[in-house]
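The values are calculated or read from the model by the stated rules, or taken from the named source; none is laboratory data. Remember, it's a predicted structure, so these values are computed and weren't measured experimentally. All Cβ positions, glycine included, derive from the backbone under ideal geometry; neighbour counts span all protein chains shown.
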Amino acid sequence: MTSQTVSIAITGAGGAGVMTAGQMLLDAAAKAGLYGLMTRSSGPQIRGGEAAAYIRLSSAPIDCPDDSFDVLFCFDWMNVDRFAAELPMRPNSVIIGDEAAKNPPTMITDSIARQVLVPLSQSANEIEGGRPNMIGLGILGELAGIPLDALQAILEKVLKRKGEAALLASLEGVKLGMKVASDLETEIGLDLHLERKATDKTRWSLTGNEAAGMGALRGGVRFCAAYPITPATEILEWLAPNLEKVGGTLVQAEDELASVNMIIGGSFGGVPSITATSGPGLALMTEALGLAVSAEIPIVVVDVMRGGPSTGIPTKSEQSDLNIALHGLHGDAPHIVTAPNSISDCLFTAQWTVHLAEKLQTAAIMLSDQSLGQSRNIIDKPADLAFVAKRDLVEDGVEDYKRYALTDSGISPMAVPGIKGGEYVADGLETAENARPSSSAEDHYAQLDKRQRKIDQFDYGQHWAEIEGEGDLAVITFGSVTAPVREAIERLKEEGQKIKLISLRLLSPALPGPFDVAMEGVNKALVVEQTHSKQFYRYLRSVYDLPKNTHVLAKPGPLPFRPGEIVDQIKELG
Amino acid sequence: MEQPVQQKPLTFKDYKSDYKPVWCPGCGDFSVLAAITKALAELQIPRENSAVISGIGCSSRIPAYTSVYGFHGIHGRALASATGLKVARPDLTVVATGGDGDGFSIGGNHFMHACRRNVDMTYVVMDNEVYGMTKGQASPTTPSDWEGSKLTPHGTGVSPFNPLSVALSAGASFIARGFAGDPNGAAKLIAQAMQHKGFSFVQILSPCVTFRPEQAEWKKIVRKGEITETGDLGTAAAFLATDDGFSTGVLYETQRPIYQPSMEENHSLSEIEASFEL
Ligand SMILES: Cc1ncc(C[n+]2csc(CCOP(=O)(O)OP(=O)(O)O)c2C)c(N)n1
Ligand code: SF4
C-alpha cells in the first residue's frame with residue numbers, strides 16, 4: 001500500500017448519534033492533516049432506525065472503501081445484522097461493543113474478528129449530559145491517532161450553538177473515550193495510528209452531490225427546476241440556497257416532465273439550466289431530451305444513479321442507467337453523456353458538462369451515482385477552471401437570421417429573447433435552416449448531419465478520459481468504479497505488475513481516435529462496471545476496437561466494489 | 001409592460017409572420033391568431049421581448065405564425081416551458097398557447113400547478129373539444145356521448161370537465177372565456193389577461209370545422225359578455241355551477257403574490273466555496 005489507511009464502521013439504533021459521531025470523526029481527521037471518506041447507510045425506515053457510517057481515513061487522498069474494516073464500533077446491537085453484507089471483517093479486525101448491551105446477534109458472536117466490550121453507556125452516565133456517541137468519538141479518535149485538539153476544534157465548531165454546557169459534556173466524553181481507547185490499545189495490542197503530514201493546503205469536505213452543485217454554479221448555471229428523488233435530492237437542496245446567492249433560482253416542479261421542460265424554457269431564454277434526478281426521473285425526461293437535441297437548446301441533466309429498474313434499491317449505487325442515458329432518446333439524437341470518476345471530480349465534470357452543453361447547444365446527461373453523490377470526502381481544494389458557459393449568440397439587430405444555419409462546425413449561432421432580429425421559433429419539428437418546419441428529405445439530412453457534426457468534430461481535449469500508467473493490460477471503467485480500480489492497480493504495481501487505467505469521463509460521443517491511442521501497447525483488457533447486464537462492456541464493444549482478449553467484471557449494486565475483488569480478478573487473468 | 005420604443009406603433013400585422021398556417025380553412029384558430037396579435041399590438045410589446053410558447057396540436061402551431069420569439073415544444077408541456085422561461089427571464093412577456101388535449105389531458109398536471117404557482121404569464125387554450133391534429137379523438141372537454149371517434153364509438157362515457165372550474169379551484173388569479181367567432185372580443189380578453197399580474201387563463205372556444213363540423217352552431221349559441229367579472233371566489237363558483245360553457249367574458253380576477261423569486265446576485269462563487277473549507 002502506498003498510503004496507510006484505517007477503516008472504521010460505526011453502527012447504532014436511530015438516535016444513537018452514529019452519523020454525528022462519524023461526521024465529527026471525519027472532520028477532526030481532516031483538521032489533524034488526514035484525508036478521509038465517509039459513506040452513510042441506513043435501514044428502510046423513513047426516519048430513525050438503525051444507521052451505519054463507514055469511514056476510511058488515510059494519510060493521503062482516498063476515495064474508495066477498503067476490502068474490510070479494521071474496526072466495527074457498535075453503539076448497540078440494534079439490527080446491526082442488517083448491515084452484515086456491508087461489513088467485511090478480518091481475523092485481526094476488532095468489534096467494539098458496549099458492556100451494557102445484551103444479547104449480541106450471531107453476526108457478531110460468529111464473526112471472525114476479535115471482540116471487545118467497553119464501558120460505553122456507563123462512561124456516558126458518569127458525565128452530566130454525557131452521550132455514548134461522544135465516548136465513541138473519543139475512542140475512535142484515539143484509535144486512529146487523531147489528537148485531542150483536532151477533536152476539540154470540531155466539537156467547538158459543531159456545538160457552538162448548543163451552549164457551553166453541551167460542549168463541556170461532549171468534550172469530557174471525548175476525553176474519557178480517549179482514555180478508554182488507550183487502555184484498550186495496550187490491552188489488545190492495537191495500533192491503527194496514521195502518519196500525519198503537515199500541509200498548508202486548504203482542505204474541503206464535500207459530497208459528490210454538493211460538488212456537482214458547485215460545478216454547475218462554476219459552469220454558469222443560474223436556473224434549475226427539479227423534482228425530488230433519492231439520491232439526487234441533495235444536489236437540489238444544495239443548489240436552491242446557493243443559486244439564490246448568485247442571482248439564480250430553483251423551481252420545485254410538479255414532476256420530472258415539468259422540470260426538464262422548465263429548464264428547456266429557461267435555457268431557451270438564454271440562462272444556463274440544469275436539473276438533477278435519478279433513473280425513474282430520467283426515464284420520464286427522455287422525450288424532452290429529444291426536444292432539446294432537436295431544437296438545439298442546451299440543458300444538463302444530472303442522473304445520480306441508484307439500483308434499478310423501477311424503484312429498485314433507491315439508497316444504493318449502481319451504474320445501470322448507462323443504457324438509457326446513451327440510447328434512451330427517440331430518433332437519431334446525438335447528445336453528450338459524461339461521468340465523473342470520483343467525488344471531487346463531480347465538480348470538474350459538472351462544470352465541464354455545462355460547458356459542453358452550452359457550447360454544443362444540446363442535451364448533456366451527467367451520470368453520477370449514489371456512492372459518489374452521497375459520500376463525503378476530504379480533498380485538497382480544487383483549482384479554478386476556465387469552463388464557463390459560453391454560447392455562440394448572434395448580434396443584436398441581426399438581419400435574415402437563420403437559427404439552424406448549416407455551418408462547418410455544426411454549431412449555429414443562437415438567438416435568445418431580447419436580441420432584435422433574432423425572433424425565431426425553437427421547434428421539435430424538423431426545420432429548414434431558417435427554423436421553419438420542414439419535412440423535406442434534404443432539410444432532414446442536412447440538420448441530422450449538422451447535429452451529429454457539431455458533436456463529433458468538437459475538440460474534447462484531454463478530459464475525455466483519465467489515463468494512468470502503462471502496461472499491456474488495460475482496465476477500462478467509468479464513474480465511481482474508477483477509485484477501487486485505481487487502488488487495485490496500485491496494489492498490483494507494488495507487486496511488480498504494470499497495468500494501465502482508462503476511465504472514461506466522456507461516454508458519448510465515442511472518440512475512437514483518442515481511444516486507439518490510449519490502447520497502444522495494450523493486448524489485454526478488463527472492463528469493470530457496476531451493472532448486471534454488462535452494459536458498459538457492450539457499449540464499448542459497439543463503438544471501440546477492444547483487444548480479442550477482453551474480460552468483464554460486472555457486478556450490480558447494492559454492494560460496492562472493493563479493490564481486493566478487482567485485484568483477484570486481474571490475477572485470475574494471469 | 002414596457003413602453004413602446006418604435007417610432008411608429010406596431011399593428012397586429014407586424015406581429016404576424018409571413019408563414020402560411022397549416023390549418024383547415026375556417027378553423028377557429030385563425031381568429032385566435034388574430035386575437036393574440038391584436039392583443040400584442042394593443043400593448044405594443046416589443047417583438048424581441050415577447051415569446052409565444054406551445055405544445056403539440058393544430059392550435060399549438062400558433063408560435064410560427066407570429067413574429068415574436070416562439071417555442072413549439074412537445075405535447076402537453078407548454079406551461080412547463082413557459083414557466084421556466086418566465087421565471088428565468090422575468091423581463092419577458094410570455095404567452096403559452098395550445099389545445100384542450102394538450103393543456104387538459106397530457107398536460108393536465110401542469111395546468112393545475114400553473115394555476116397554483118401564479119407565475120406572471122398568460123395561457124390561451126383553443127378549446128375545440130377534440131384532438132384535431134390526430135384526426136378527431138375525444139378530449140377532456142368532449143361531451144361524454146360524442147360518438148364521432150373510432151376510438152370511442154359509443155362515446156367516451158366520461159364526464160367532460162369545465163376548464164374554468166378547474167382553474168378556479170386550482171387557484172388561477174385571472175380566468176376568462178372568449179370565442180373565436182368574436183376575435184375582437186377575444187383580443188380584448190387576451191390583452192386584459194396579459195396586463196394581469198399573475199397567471200391568467202383564457203379559454204377560447206375555437207371550432208374545429210373538420211372533426212366537429214357541428215361546432216358551426218356555436219356562433220348561434222355563444223353569448224357574448226354574459227359573464228360578470230368578480231373577485232369573489234364564491235360568486236365565480238356559483239356562476240360556474242350552472243354555466244353551460246357558452247357564456248363569455250372575464251369570470252374572475254384577483255391579486256395574489258406572484259411567483260417570481262428575486263434574482264439578485266449578492267455573493268461571489270468564492271464565498272460559496274468557502275463553506276466547503278474545514
Ligand atoms: C407524447 C405524444 N403523444 C401523442 C402525440 C400525438 N398528438 C399530437 S397532437 C395531439 C392532440 C392534440 O389535441 P389538442 O391539444 O386538443 O389540439 P388541436 O389539434 O385540437 O388543436 C396528440 C394526441 C404526441 N405528439 N406526443
Ligand atoms: S383539424 Fe380542426 S383544429 Fe385542426 S386545423 Fe383543421 S379545423 Fe382546425
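Sort through B:I62, B:I74 and tell me the only one that's crowded, with 24+ Cβ neighbours inside 10 Å, within 24 Å of B:N128 (Cα to Cα), of a type in the set (A, V, I, L, M) and away from ligand 2 (no atom under 14 Å from the Cβ).
Just a single option satisfies the conditions, and that option is B:I74.
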For the range B:87-112, pairs from a residue that is within 21 Å of B:A64 (Cβ to Cβ) to a residue that is among the hydroxyl-bearing types (S, T, Y) and surrounded by fewer than 22 Cβ atoms within 10 Å (Cβ to Cβ), with Cβ under 9 Å and 6 or more apart or across chains, are B:G101/B:T134
Scanning the range B:135-155 residue by residue, those in contact with a Ser or Thr (Cβ under 8 Å, 6 or more places away or on another chain) and within 14 Å of ligand 1 (Cβ to nearest atom) turn out to be B:G136, B:Q137, B:A138, B:S139, B:P140, B:T142, B:W146
Of the conditions (1) without any contact (Cβ under 8 Å) to a residue 12 or more places away in the chain; (2) within 15 Å of ligand 1 (Cβ to nearest atom), the single one that B:G84 does not satisfy is (2)
Residue hits (the range A:186-212; more than 13 Å from every other protein chain (Cβ to nearest Cβ), β-branched (V, I, T) and touching a strand residue (DSSP E or B) at 6+ places or on another chain (Cβ under 7 Å)) are A:I188
| query | Among the residues of the range B:241-249, is there at least one that is hydroxyl-bearing (S, T, Y), away from chain A (no Cβ under 14 Å) and buried (at least 17 other Cβ atoms within 10 Å of the Cβ)? | reply | yes
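Please go through the range A:89-127 and pick out each residue that is assigned to a loop (DSSP other than H, G, I, E, B) and under 11 Å from A:D76 (Cα atoms).
So the first thing to find is which residues in the range A:89-127 are assigned to a loop (DSSP other than H, G, I, E, B), and the list is A:99-105, A:110-113, A:119, A:127.
Once the filter is applied, which keeps residues that are assigned to a loop (DSSP other than H, G, I, E, B) and under 11 Å from A:D76 (Cα atoms), the range A:89-127 yields A:E99, A:A100, A:A101, A:K102, A:N103, A:P104, A:P105.
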How many residues of the range A:438-456 are out of contact with any Ser or Thr (no Cβ under 6 Å at 6 or more places or on another chain) and within 14 Å of another protein chain (Cβ to nearest Cβ)? The answer is 1
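Just for the range A:377-432: of the residues that are assigned to a strand (DSSP E or B) and among the charged types (D, E, K, R), which one is farthest from the other protein chains (Cβ to nearest Cβ)? Lay out the reasoning, then the answer.
At the first step, the residues of the range A:377-432 found to be assigned to a strand (DSSP E or B) are A:377-380, A:393, A:414, A:425-427, A:431.
Subset that is among the charged types (D, E, K, R): A:380, A:427.
Working: A:D380: 11, A:D427: 5 Å.
Step by step, filter the range A:377-432, then rank; the result is A:D380.
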Matching residues in the range B:13-57 (closer than 25 Å to A:S439 by Cα, surrounded by fewer than 24 Cβ atoms within 10 Å (Cβ to Cβ), of a type in the set (G, A, S) and away from ligand 2 (no atom under 14 Å from the Cβ)) number 1
Over the range A:377-415, the set of residues surrounded by fewer than 24 Cβ atoms within 10 Å (Cβ to Cβ) and more than 23 Å from A:V425 (Cα to Cα) is A:D380, A:K381, A:P382, A:A383, A:D384, A:L385, A:A386, A:F387, A:V388
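Can you tell me which residues in the range B:13-33 are more than 16 Å from ligand 1 (Cβ to nearest atom) and in contact (Cβ under 8 Å) with a residue 40 or more places away in the chain?
Keep residues of the range B:13-33 that are more than 16 Å from ligand 1 (Cβ to nearest atom), which gives B:13-20.
Result: B:D14, B:Y15, B:K16, B:S17, B:Y19.
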Per the filter on the range A:313-364, residues within 28 Å of A:Y404 (Cα to Cα) and assigned to a loop (DSSP other than H, G, I, E, B) are A:G328, A:L329, A:H330, A:G331, A:D332, A:A333, A:P334, A:H335, A:Q361, A:T362
Screening A:A474, A:A435 for residues that are assigned to a strand (DSSP E or B) and surrounded by 19 or more Cβ atoms within 10 Å (Cβ to Cβ) leaves only A:A474
Scanning the range A:34-51 residue by residue, those in a loop (DSSP other than H, G, I, E, B) and more than 12 Å from A:W204 (Cα to Cα) turn out to be A:G43, A:P44, A:Q45, A:I46, A:R47, A:G48, A:G49, A:E50
Being small (G, A, S), in contact with a Phe, Trp or Tyr (Cβ under 9 Å, 6 or more places away or on another chain) and modelled with pLDDT of 95 or more, is that true of even one residue in the range A:471-478? no
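Quick grid of which residues meet (1) touching a residue at least 40 places away in the same chain (Cβ under 8 Å); (2) more than 14 Å from chain A (Cβ to nearest Cβ); (3) under 20 Å from B:T97 (Cβ atoms); (4) among the β-branched types (V, I, T):
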residue	(1), (2), (3), (4)
B:F179	yes, yes, yes, no
B:V209	yes, yes, yes, yes
B:P213	no, yes, no, no
B:E217	no, yes, no, no
B:Y252	yes, yes, no, no
B:L269	no, no, no, no
If we take the range B:34-104, then strands (runs of 3 or more DSSP E) inside it with 3 or more residues that are at the interface with another protein chain (Cβ under 9 Å from one of its Cβ atoms) and at pLDDT 95 or above are B:50-54, B:69-72
For the range A:188-208 the number of residues that are outside any loop (DSSP other than H, G, I, E, B) and at pLDDT 90 or above is 6
Checked the range B:79-116 for anything under 13 Å from the mean Cα position of the chain (by Cα) and within 16 Å of ligand 2 (Cβ to nearest atom); matches are B:T97, B:G98, B:G99, B:D100, B:G101, B:D102, B:G103, B:F104
Only unsatisfied item for A:K571, checking (1) more than 26 Å from the chain's Cα centre (by Cα); (2) more than 24 Å from A:A85 (Cβ to Cβ); (3) among the basic types (K, R), is (2)
